[in-house]
Amino acid sequence: MAEQDVNTLTEAAARDELARLAEALAAANTAYHTEDAPEISDAEYDRLKKRNAAIEVRFPELKRADSPSEKVGAAPSDGFSKVTHAQAMLSLGNAFEDADVDDFVARTAKFLGIAEASLSFTAEPKIDGLSLSLRYENGQLVQAATRGDGATGENVTANARTIASIPHQLSFAPDILEVRGEVYMRHDDFAALNAAQEARGAKSFANPRNAAAGSLRQLDPEITRQRPLAFFAYAWGALSQPLAETQMEAILRLAALGFETNPLTALCAGAKELVAHYDMIGAARSDLPYDIDGVVYKVNDLELQARLGFRSTTPRWAIAHKFAAELAWTRLEGIDIQVGRTGALSP
Ligand code: JCF
């Protein structure tokens with residue numbers, strides 16, 4: 001179909017053309033982002049987008065509320081290739097009560113046949129984001145994968161490369177190194193992102209975890225690049241050489257390699273110290289710049305971790321001590337109303 005030069009369009013023709021372009025670009029977005037089945041070439045997509053922008057420049061008052069120039073992508077989907085994890089990405093068993101922590105320490109010592117007093121543990125905040133596994137070969141980042149079902153995740157390598165706190169290159173690292181951690185979004189970044197999304201009529205996110213997941217799982221890495229994502233390293237998968245002899249030293253090694261690690265990670269001697277650190281983190285929770293949903297405890301000695309091994313889907317050497325959900329009931333005792341000079345009522 002021959003298209004008319006933008007400079008000769010009448011206002012009525014421009015209005016019709018903007019409607020047609022909005023529909024065509026929305027359909028292209030859905031096909032690309034949601035269905036992973038592009039119906040037009042990238043070049044044709046860009047051409048339509050440019051034409052739309054040119055018409056908007058000539059007739060700014062005709063710009064639509066759903067203007068394609070304000071849209072970034074569509075809902076993320078399973079449009080990623082799959083990655084089989086060299087080592088499964090597991091989840092953690094949960095503790096809810098202090099007594100569950102006593103049980104964890106007691107059963108760990110019993111399984112190993114050693115005294116409870118000889119065990120030490122790390123304790124760190126459990127970040128409420130989404131877990132990511134980064135594979136480095138000869139110091140180069142070669143693959144990034146989400147957890148998926150634990151065995152198979154999504155290949156999000158191009159997106160992970162746009163996250164500032166994920167190094168592309170490591171010096172003095174083992175030849176094979178899989179670094180695992182959490183992608184998350186800070187509260188201030190989340191608020192700014194949502195404000196920007198609302199201002200341009202794009203969808204806002206329910207919470208920082210959602211925003212982090214939606215931002216990482218974009219089919220267009222240039223959208224991910226514009227999102228304020230961060231990454232804390234806390235674990236590892238396949239390795240050609242051990243990182244250290246203890247969990248704490250391994251975390252320090254990851255920090256020395258250039259990863260951000262959580263500053264509230266502490267070494268604790270037993271259940272009492274673990275719960276004390278949990279209480280400290282719980283008290284600091286509302287002041288932290290990111291969401292957490294508990295505290296993770298791990299046996300510090302990596303040789304003991306290896307002896308403890310795994311149950312079906314969770315390690316025996318770690319547990320997540322969860323916080324009660326940050327929601328509570330309140331009783332409204334009353335409402336005072338002030339009557340202003342003009343008779344206006346202010347509750
Ligand atoms: O912060 C977390 N969400 C978190 C998750 C921290 C950890 O140290 C984890 C984890 C999931 C599995 N460690 C394992 C082994």
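The values are calculated or read from the model by the stated rules, or taken from the named source; none is laboratory data. This one's a predicted model, so the numbers in the text were calculated from it and none came from an experiment. Using ideal geometry, Cβ is built from the backbone for each residue, glycine included, and neighbour counts are taken over all protein chains shown. Each accessible area value is taken on the protein alone, full model and side chains, heavy atoms only, with ligands, DNA and RNA left out. Shrake-Rupley method; radii C 1.70, N 1.55, O 1.52, S 1.80 Å.
Of all the residues that make up the range 267-292, how many are surrounded by fewer than 18 Cβ atoms within 10 Å (Cβ to Cβ) and outside any helix (DSSP H, G or I)? Of the residues in the range 267-292, 5 are surrounded by fewer than 18 Cβ atoms within 10 Å (Cβ to Cβ) and outside any helix (DSSP H, G or I).
Do the conditions hold for residue 69, that is, is it over 23 Å from residue 200 (Cβ atoms) and modelled with pLDDT under 90? Answer is no for this residue. For the range 242-263, the set of residues classified as hydrophobic (A, V, I, L, M, F, W, C), touching a helix residue (DSSP H, G or I) at 6+ places or on another chain (Cβ under 6 Å) and open to solvent by 20 Å² or more (accessible area, probe 1.4 Å) consists of 244 only. Residues of the range 92-128 that are of a type in the set (Ser, Thr, Tyr) and touching a residue at least 40 places away in the same chain (Cβ under 8 Å): 108, 120, 122. Checking every residue in the range 226-235 against the condition of being modelled with pLDDT of 95 or more, among the small types (Gly, Ala, Ser) and in contact with a Phe, Trp or Tyr (Cβ under 8 Å, 6 or more places away or on another chain) gives at least one match. Only a single item in (1) assigned to a loop (DSSP other than H, G, I, E, B); (2) in contact with a Pro (Cβ under 8 Å, 6 or more places away or on another chain) is not met by residue 261, and it is number (2). Among the residues making up the range 230-252, those that are over 16 Å from residue 135 (Cα atoms) and either in contact with a Pro (Cβ under 7 Å, 6 or more places away or on another chain) or assigned to a helix (DSSP H, G or I) (or both) are 247, 248, 249, 250, 251, 252.
Counting the residues of the range 293-303 that are away from the ligand (no atom under 15 Å from the Cβ) and not in a strand (DSSP E or B) gives 1. Restricting the range 78-113 to residues that are more than 30 Å from residue 153 (Cα to Cα) and out of contact with any helix residue (DSSP H, G or I) (no Cβ under 8 Å at 6 or more places or on another chain), the residue that is surrounded by the fewest Cβ atoms within 10 Å (Cβ to Cβ) is 113. In the range 323-343 there is at least one residue that is touching a Gly at 6+ places or on another chain (Cβ under 6 Å) and in a loop (DSSP other than H, G, I, E, B).
Can you list the strands (runs of 3 or more DSSP E) found entirely within the range 96-212 that contain at least 1 residues being away from the ligand (no atom under 16 Å from the Cβ) and under 19 Å from residue 235 (Cα atoms)? Correct list: 130-137, 140-146, 152-154, 176-184.
Restricting the range 213-233 to residues that are within 16 Å of the ligand (Cβ to nearest atom) and out of contact with any helix residue (DSSP H, G or I) (no Cβ under 7 Å at 6 or more places or on another chain), the residue that is nearest to residue 126 (Cα to Cα) is 232.
Before we move on, is residue 138 open to solvent by less than 50 Å² (accessible area, probe 1.4 Å) and out of contact with any Cys (no Cβ under 6 Å at 6 or more places or on another chain)? Spelling it out, it is not the case that residue 138 is open to solvent by less than 50 Å² (accessible area, probe 1.4 Å) and out of contact with any Cys (no Cβ under 6 Å at 6 or more places or on another chain).
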